[in-house]
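> This structure is in C-alpha cells; I'll ask about it shortly.
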Amino acid sequence: MPLKLLKKFIKLEASAGIILFAAALVAIILDNSFLSPYYEKILELPISIQFGSMGLSKHLLHWVNDGLMVIFFMVVGLEIKLEMHEGELNSPSKVYLPAIAAVGGMVFPALIFALFNHTNTQAIHGWAIPTATDIAFSLGILSLLGSRVPLSLKIFLTTLAIFDDLGAIIVIAIFYTSHLSFLSLGLAMFFVIFLFLMNRFGVKAHAPYFIIGAILWLCVLESGVHATLAGVVIAFAMPLRDKNQSSDLPPYRGLLERLHPWIAYCVLPLFALGNAGVSFADVPPGLGNIFSPVMLGVAAGLLFGKLIGVFGTTFLAIKLGIAKKPAHSTWPQIFGIALICGVGFTMSFFIGTLAYPPEATEPYAAWVRLGVILGSLTSGTLGYLVLRFTTKNVDAQ
C-alpha cells in the first residue's frame, strides 16, 4: 500500500476508534439506566423485507450483525487483497513477522481461555473470543502518542491486525457454523462460481458484483454458514485491474476509500451500540459470578495471551533470523505494541454472539462483554503507558 494511502488509512482508523469507544460507552450507560427497556425494544424491533409470498424478517440487531457487518467483512477482504497486490503482503519478506505474530496472538489467548474453561463443555465454545485485535481501537490508541511511535511499528500493527482478521474469518467459517442446509449451500457455491466467472470474463463494473453478492449473502444466510463470510467472497471476486487504466491500479481502491468512512463512522459504531451494552443486572450477585471462568478467560486471554503470543513470537522470529525488527523500533516499543494487540472489542464481541446463542441458560453474553471490556481497557491502557514513558518523540517516517 503506498505510504500516503497507508497514512490516510491509519488516521481514519484512529479517529474511528474514538467514536467506537464512545458508542460502546453509550450502550453500557443505556443498558444500565431507566432507558434500558427502550434500548432492548429498539434492538428487538422486527424489520421485514417482502417480495410477494417470499420474505425475510429479522430483529434490528440481527440486521446489524448479519447484514451491515457483511459490508465490514467485504472491506476487510478488499484491504487484504490490496495489501497482497501492492502493499505489506506482496512479498514473503514483508509477511513473515506480522504473520508469525498474528498466529502467536491467536494461539495463546485461546489456550488461556481453555485453561479457565476446559471443564465446561458449553463455556469452552467461546475459545476464539480473545483471539481478535480491533484495528480501529488499537490505531486509535497509537494516534494519542503522535510521533512517539515510528511509522514502521504502525505498519507492523496494521498488517498484524489484517492477518488477525483473516484468521478470525477462517475460525468463523470452520468453527462457528450452525446446522448446514446443503440446498442453500449448493446455491451459494453456484453464485460464488458465478462471481469469479464474472471476474474471469472481464466484468469491471461494481454493480453486478453487488447484485450477485446480495443473492449470495441470502443463500449463505440460509445455509447455516455465517452470512458475513459472503462479504469476503465478494471482495476477492472483484477484479484487480480496470481496462480503462494503463497502470495496475486496482479499481476497487476508490470503492475502498468510499466505503471506509461508512464502516468507520456508521457500521462499527452501530455494531458497538447494539452489542457492547452489558446490563449488570443480568449478572448474578457475588464476586464468584462476576469473575466467572468465561469472563476471566476472555480478559486474561486478551491481556496475557496476546502479550505472550505477539511479543514472544516476534522476539523469537527476530532472534532466530526469520524476520527483521521493524525499522527504528525498540524492544520496549514492541512490548507496548503487543499489549495494545490485546484490545479485542469489535471482533471479540462478534465472535461472542456466535459462540453463545441467546437461549443459553448462563449469562454468557454479560460475561463476554465484561471480559472484553476489562481485558481491552487494561491492555490498551498499559500499552499506551509503556509507549508513552519508554519512548521519545521521533520524526514520522
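The values are calculated or read from the model by the stated rules, or taken from the named source; none is laboratory data. Everything quoted here is computed from the prediction, not taken from an experiment. Cβ placement follows ideal geometry from the backbone for every residue including glycine, while neighbour counts extend to all protein chains displayed. These accessible areas exclude ligands, DNA and RNA; they are computed on the full protein's heavy atoms, side chains included. Shrake-Rupley method; radii C 1.70, N 1.55, O 1.52, S 1.80 Å.
> Give the residues of the range 139-176 that are modelled with pLDDT under 75, open to solvent by less than 50 Å² (accessible area, probe 1.4 Å) and of a type outside the set (A, V, I, L, M), sorted by residue number.
GLY140, GLY146, SER147, ARG148
> Oh, and also: Out of the residues in the range 324-345 that are within 23 Å of GLY277 (Cα to Cα) and open to solvent by less than 10 Å² (accessible area, probe 1.4 Å), state the one that is nearest to the chain's Cα centre (by Cα).
Step one: list which residues in the range 324-345 are within 23 Å of GLY277 (Cα to Cα), which gives 340-345.
Filter again for open to solvent by less than 10 Å² (accessible area, probe 1.4 Å), leaving 340-344.
Details: ILE340: 14, CYS341: 12, GLY342: 12, VAL343: 11, GLY344: 8 Å.
Restricting to residues being within 23 Å of GLY277 (Cα to Cα) and open to solvent by less than 10 Å² (accessible area, probe 1.4 Å), the top hit is GLY344.
> Working only within the range 291-302, note down all residues that are open to solvent by 30 Å² or more (accessible area, probe 1.4 Å) and touching a residue at least 12 places away in the same chain (Cβ under 8 Å). It would help to see each step written out before you state the result.
Kept after step one, since they are open to solvent by 30 Å² or more (accessible area, probe 1.4 Å), are these residues of the range 291-302: 291, 293, 296.
Scanning the range 291-302 gives PRO293, LEU296.
> Could you run through the range 193-203 and say how many residues are under 28 Å from the mean Cα position of the chain (by Cα) and not aromatic (Phe, Trp, Tyr)?
Our first condition is that a residue be under 28 Å from the mean Cα position of the chain (by Cα); within the range 193-203, this holds for 193-196, 199.
Within this subset, residues satisfying the condition of being not aromatic (Phe, Trp, Tyr) are 193, 195, 199.
Qualifying residue count for the region: 3.
> Filter the range 206-224 for residues that are without any contact (Cβ under 8 Å) to a residue 12 or more places away in the chain and of a type in the set (Gly, Ala, Ser) and give the result. Full working, then the answer.
Let us first name the residues in the range 206-224 that are without any contact (Cβ under 8 Å) to a residue 12 or more places away in the chain, namely 207-208, 211, 214.
Residues satisfying the conditions are ALA207, ALA214.
> Return yes or no: is LEU370 part of a helix (DSSP H, G or I) and touching a helix residue (DSSP H, G or I) at 6+ places or on another chain (Cβ under 6 Å)? Can you show your working first?
On the way: part of a helix (DSSP H, G or I): yes; touching a helix residue (DSSP H, G or I) at 6+ places or on another chain (Cβ under 6 Å): yes.
So LEU370 passes the test.
> Among the numbered criteria (1) at pLDDT 80 or above; (2) at negative phi; (3) open to solvent by 10 Å² or more (accessible area, probe 1.4 Å), which one does GLY202 miss?
With respect to (1) at pLDDT 80 or above; (2) at negative phi; (3) open to solvent by 10 Å² or more (accessible area, probe 1.4 Å), GLY202 is out only on (2).
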